[in-house]
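Nothing in this text is a laboratory measurement; each read-out follows from the coordinates by a stated rule. What you see is a predicted model; the values in this text were computed from it and never measured. Every residue, glycine as well, gets a Cβ built from its backbone with ideal geometry; the counts of neighbours run over all protein chains shown.
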Amino acid sequence: MTNNITDLSQVRRSVDQANGLPNAHYIDAGIFDEERHALLYGQWAGLAVAADVPEPGDAIPLSFLGMPLLLLRDKAGDVRVFQNICRHRGMILVEEPKKIRGAIRCPYHSWCYSTKGDLVSTPHVGGPGQNTHEAVERDELGLLEVRSHVWRDVIWVNLSGDAPAFEDAMADVIARWAEFDKPLYHGGADSRFTLEVNTNWKLAVENFCESYHLPWVHPGLNSYSRLEDHYNIESPDRYSGQGTMVYRQLKGENGELFTDFEDVGEKWNEQAEYIAIYPNVLLGVHRDHAFAIILEPQGTEKTVEHIHLYYATQDTDADLRATNTKMWKTVFEEDIFVVEGMQRGRHADLFDGGRFSPVMDSPTHCFHSWVAGQIETHRAKKRAAE
Amino acid sequence: MNEALHEAMLAAHEDHDSAALIRLYTQAADLANDVDAACFFLTHAYVFALEAGAPEVAALRARLVSHGREVPVHEEAARMLNQSITRPASASGGKTG
């Protein structure tokens, strides 16, 4: 393990002169912990999707970078994220997905909370059968709520609590995809899958946001989506990705199509975009469907990709949906050997972070530059506090 | 508490049978010889009712309040506790906490 210090000066140079992030940013536990705060806790990070808790009362315990969280939909229908602990003794409140029918009861001493997080019962707190005590002010002891926001069905959380408001932080990408600001319908059980990948989460971002690899890793795309049909997308310090000018709709055996997002505009007839929103959410939009991938970092060299497909209408053709899921699963599985190979490559101690194609790799460099900038800011704050 | 009631309670705990827990702890409260013992059992009945979103919540709480063992629920909390889970989930939408 290093002392959390890596030289990032080369990373912040222009793409034609820069090196990629040093190996330690992929394999070192100390750096992983540093990035947990600098890149994930301090931003709006993807946690889950609202479709995970479709009905009021649905509750799911989650662990995000080791922090126990409770995702639920309250009785009014709003999605909320809490730290999954009782304010009494810090006991884990909910151990497995469940329906909260009334209140959330701590299994230890039975303190109870509403689905909005209010502490509503403190049994025996003043002695047997005495359920109040002046020292225990329920109003001050509600569940610890994490800032959250739902956009494109993704539940974004800001664990540090001090990021700019979501609408401000994401204003650029929200505006870019304003035409897709329509109701999204999760395709259901056959439209979600997870991939467990032996790689650092950042390599999944890096691979997603460039089109350079497409003809080599996804040869099936060559027939209609050639490399020259793609363009780079870069919004420094926010997101990067790629777009294509030749999206073709999936057609069923009898010519069935998915319904388009309403009034999405002519521009999107054959155009589609794929954007990595920093830190860990990968989104794709097409005229007739969309997807969201949430990268769950589970350690320096392990990432779980949670993939969800969405449509413009609630009812879609099941066969066509299954074909679409299979198609995307094939594509994302084709990427696994690449991100795992690059991960293993990070143990080659002479590797200097690599050099970028100034033309084809600029979205990747955009991400590296953001990572380096965030870490440098984090280190500067830490030094100032010492 | 008689042995049969005690055994029934253990079985209800084992089965996570909230309706039985509410009923049996209420029964134990009704059979108790003094107000402290009654409120002990009432507290358990109330907590299990609260957890289950059971209709007995209001009456059990009122009994505890009448003995000074719980505070009267204010209007907002009453609405919150009694609100039934009927509202359908929206497909997507925004909310910043």
Quiz item: Put a dot 7 Å past each Cα toward the Cβ at A:Leu144 and A:Tyr231; how far apart are the dots in nm?
Solution: 4.6
Quiz prompt | Share of alpha-carbon pairs per 5 Å distance bin for region A:247-376, given as whole % | solution = 2, 8, 14, 19, 19, 13, 10, 8, 5, 2, 1, 0
Self-check item: Dipole in debye (nearest 20) - the protein assembly as shown, about Cα centre, beta carbon charges: Lys, Arg +1; Asp, Glu -1
Solution: 580
Exercise. Quickly work out the A:Glu137-to-A:Glu334 label distance, labels modelled 7 Å from Cα along the C-beta direction, and quote it in nm with one decimal.
Key: 6.1
Practice problem: Would you please classify the overall shape of region A:171-247 from the alpha carbon gyration tensor, given that a ≥ b ≥ c denote the square roots of the eigenvalues, rounded means a/c under 1.5, and beyond that prolate means a/b larger than b/c while oblate covers the rest? | Solution: rounded
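List the pairs from A:Lys202/A:Lys381; A:Lys75/A:Lys326; A:Lys116/A:Lys302; A:Lys302/A:Lys382; A:Lys116/A:Lys182 whose alpha-carbon separation is above 30 Å, in the order I gave them.
On the way: A:Lys202/A:Lys381 23 Å; A:Lys75/A:Lys326 35 Å; A:Lys116/A:Lys302 33 Å; A:Lys302/A:Lys382 27 Å; A:Lys116/A:Lys182 27 Å.
Over 30 Å apart, Cα to Cα: A:Lys75/A:Lys326; A:Lys116/A:Lys302.
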Quiz item: Counting only the backbone N, which residues of region A:44-75 are under 16 Å from the spot 7 Å out from the Cα of A:Thr377 toward its beta-carbon?
Solution: A:44-45
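Per DSSP H run of at least 4 residues, take -39500 (n - 2.57); add these up for the protein assembly as shown, divide by its residues and hand me the 222 nm value, nearest 500 deg cm²/dmol. Could the numbers behind the result be given before it?
Working: 14 runs with 147 residues, N = 483.
Helices in the protein assembly as shown give a 222 nm mean residue ellipticity of -9000 deg cm²/dmol.
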Self-check item: Rounded FRET efficiency, nearest 0.05, which uses the C-beta distance separating B:Asp34 from A:Glu179 and R0 of 60 Å
Solution: 0.30
Self-check item: Which of A:Asp139, A:Asp190 has the fewest Cβ neighbours within 10 Å, and the rest in rising order
Solution: A:Asp139, A:Asp190
Quiz item: Given labels modelled 7 Å from the Cα in the Cβ direction, how far is it in nm from B:Ala4 to A:Leu350?
Solution: 8.6
Quiz prompt | Amide proton proximity set for A:Trp151, modelled H, under 5 Å, gap of 5+ | solution = A:Trp156
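Could you give the length gained on full extension between A:Glu256 and A:His88, defined as 0.36 nm per residue of separation minus the Cα-Cα distance, in nm? Walk me through the numbers on the way to the answer.
Values: separation 168, 0.36 × 168 = 60.48 nm, distance 5.64 nm.
Using 0.36 nm per residue and subtracting the Cα-Cα distance, I get 54.8 nm.
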Quiz prompt | Gain on full stretching of the segment that runs from A:Lys99 to A:Lys326 - 0.36 nm per residue minus C-alpha separation | solution = 78.6 nm
Quiz item: For region A:31-93, what is the charge dipole size about the Cα centre, in debye to the nearest 20, if Lys and Arg each add +1 at the Cβ and Asp and Glu each add -1 at the Cβ?
Solution: 300
Practice problem: Could you tell me which of rounded, prolate or oblate describes region A:41-153, using a ≥ b ≥ c as the square roots of the eigenvalues of the alpha-carbon gyration tensor, with rounded for a/c under 1.5 and, failing that, prolate when a/b is larger than b/c and oblate otherwise? | Solution: prolate
Quiz item: For region A:220-265, what class follows from the C-alpha gyration tensor (a ≥ b ≥ c being the square roots of its eigenvalues): rounded when a/c is under 1.5, otherwise prolate if a/b is larger than b/c, else oblate?
Solution: oblate
Quiz item: Build a GNM of chain A with springs between Cα atoms under 10 Å: which of A:Ala292, A:Ala45, A:Ala312 gets the top mean-square fluctuation?
Solution: A:Ala312
Exercise. Please name whichever of A:Ala276, A:Asn324, A:His213 sits farthest to the positive end of the charge dipole of chain A, dipole taken about the Cα centre and charges placed at Cβ: Lys and Arg +1, Asp and Glu -1.
Key: A:Ala276
Quiz prompt | Bins of 10 Å from zero: percent of alpha-carbon pairs in the protein assembly as shown | solution = 4, 18, 25, 21, 15, 11, 6, 2, 0
